[in-house]
Amino acid sequence: MPVCAYLIRTADATVLVDTGFPPDAPPGAIQVTPEQELITQLSQIGVNPDDVTHVICSHLDPDHAGNHDLFPRAEFVIQRSHYELAMSDTVPRLRMARKHWDQENLNYRQIDGDVELLPGIELIESSGHILGHQSVLVRLPESGPILLAIDAITMEKALDPDTRPMTNYDLEPELVRSSTRKLVDLAAKEGALIVRGHDGTQWETLKRAPEFYA
């Protein structure tokens, strides 16, 4: 099962989508080898932490927010509803990586709903897995549009909003279904490739660093 982060480069910005699992987490279902650590992956394509101008926070689950503290110069963009939920400390799983994402020197920009972050990069509110989850639509000039569904659509069998299964981590099933429908309809309208958040079979077919979509 891939645990993904995505890098988007524009003429004026270097945008990271999520920061992966914390390397200091206790042993469990997710294991990160040294060569798989985010900083190592970025260094292989010539990117230093200080180069990152924006971090898009899909949500603050530990496999998505475990290295936020490595990017103190970036602007972190998060849905207001999710940030407020995380700060309320009412969802236990968000505590695992809290020391990495809840630091005074991190600059959070809170947004509400669907927002164009930069030309060609749109943030799509997709609650359900957790309140304030957001996905990312990227319009690439050569490869075409790509929709990073993140945890709103994790596997191929989750593409049908009416029949998709739920996991123990999906907190609001009806919102999961409505967000799935929203994303599938958006991808159809845009002709976008949907990149599913934790789909190992699809992952093997995608370009991965140092390869890239243009």
Problem - Residue match in region 42-53 (condition: under 23 Å from residue 132 (Cβ atoms), in contact with a strand residue (DSSP E or B) (Cβ under 7 Å, 6 or more places away or on another chain) and modelled with pLDDT of 95 or more) - result: yes
Handout entry: Count of region 168-181 residues which are open to solvent by 60 Å² or more (accessible area, probe 1.4 Å) and either in contact with a His (Cβ under 6 Å, 6 or more places away or on another chain) or of a type in the set (Gly, Ala, Ser) (or both)
Key = 0
Problem - Count of region 62-111 residues which are aliphatic (A, V, I, L, M), open to solvent by less than 60 Å² (accessible area, probe 1.4 Å) and under 25 Å from residue 2 (Cα atoms) - result: 8
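So is residue 153 outside any helix (DSSP H, G or I) and in contact with a strand residue (DSSP E or B) (Cβ under 6 Å, 6 or more places away or on another chain) or not? Let's see the steps before the verdict.
Details: outside any helix (DSSP H, G or I): yes; in contact with a strand residue (DSSP E or B) (Cβ under 6 Å, 6 or more places away or on another chain): yes.
Against the criterion (outside any helix (DSSP H, G or I) and in contact with a strand residue (DSSP E or B) (Cβ under 6 Å, 6 or more places away or on another chain)), residue 153 qualifies.
Residue by residue, here is whether (1) under 19 Å from residue 16 (Cα atoms); (2) open to solvent by 60 Å² or more (accessible area, probe 1.4 Å) holds:
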| site | (1), (2) |
| --- | --- |
| 122 | yes, no |
| 139 | yes, yes |
| 186 | no, no |
| 210 | yes, yes |
Problem - Of all residues in region 156-204 being in a helix (DSSP H, G or I), among the hydrophobic types (A, V, I, L, M, F, W, C) and touching a residue at least 60 places away in the same chain (Cβ under 8 Å), the one that is farthest from residue 134 (Cα to Cα) - result: 203
Practice task
Only residues in region 2-17 that are closer than 13 Å to residue 63 by Cβ count as the first member; pair them with residues that are assigned to a loop (DSSP other than H, G, I, E, B) and aromatic (Phe, Trp, Tyr), Cβ under 8 angstrom, at least 6 apart or cross-chain, and list the lot.
Solution key: 3/21
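So, residue 31, is that one over 24 Å from residue 147 (Cβ atoms), open to solvent by 70 Å² or more (accessible area, probe 1.4 Å), part of a loop (DSSP other than H, G, I, E, B) and free of Cβ contacts under 8 Å to residues at least 60 places away in the same chain or not?
Details: over 24 Å from residue 147 (Cβ atoms): yes; open to solvent by 70 Å² or more (accessible area, probe 1.4 Å): yes; part of a loop (DSSP other than H, G, I, E, B): yes; free of Cβ contacts under 8 Å to residues at least 60 places away in the same chain: yes.
Yes, satisfied.
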Completion exercise
Checked region 42-62 for anything in contact (Cβ under 8 Å) with a residue 24 or more places away in the chain and part of a loop (DSSP other than H, G, I, E, B); matches are 44, 45, 47, 52, 53, 57, 58, 59, 60, 61, 62
Exercise for the section: Could you please tell me which pairs satisfy a Cβ distance under 7 Å, a separation of 6+ or placement on different chains, a first residue in region 122-145 that is at positive phi and acidic (Asp, Glu), and a second residue that is outside any loop (DSSP other than H, G, I, E, B) and surrounded by fewer than 20 Cβ atoms within 10 Å (Cβ to Cβ)? Expected result: none
Problem - Residue within region 157-167 that is open to solvent by less than 60 Å² (accessible area, probe 1.4 Å) and under 15 Å from the mean Cα position of the chain (by Cα) present - result: no
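Being within 18 Å of the chain's Cα centre (by Cα) and closer than 20 Å to residue 114 by Cα is true for just one of 171, 206, 193. Which residue is that? Step through it out loud before you land on a result.
Working: 171 fails: closer than 20 Å to residue 114 by Cα; 206 fails: closer than 20 Å to residue 114 by Cα.
Just a single option satisfies the conditions, and that option is 193.
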Practice task
Specify which of the listed residues (141, 119, 165, 145) is of a type outside the set (Asp, Glu), more than 24 Å from residue 12 (Cα to Cα) and modelled with pLDDT of 95 or more.
Solution key: 165
Exercise for the section: Tell me which residues, restricted to region 89-148, are assigned to a loop (DSSP other than H, G, I, E, B), over 16 Å from the mean Cα position of the chain (by Cα) and of a type outside the set (D, E, K, R). Expected result: 90, 91, 96, 103, 105, 106, 119, 120, 141, 143
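The values are calculated or read from the model by the stated rules, or taken from the named source; none is laboratory data. Because the structure is predicted, anything quoted here is derived from the model rather than measured. Glycine also receives a Cβ, built like all others from the backbone with ideal geometry; neighbour counts cover every protein chain displayed. Ligands, DNA and RNA are excluded from the accessible area calculation, which covers all protein heavy atoms including side chains. Shrake-Rupley method; radii C 1.70, N 1.55, O 1.52, S 1.80 Å.
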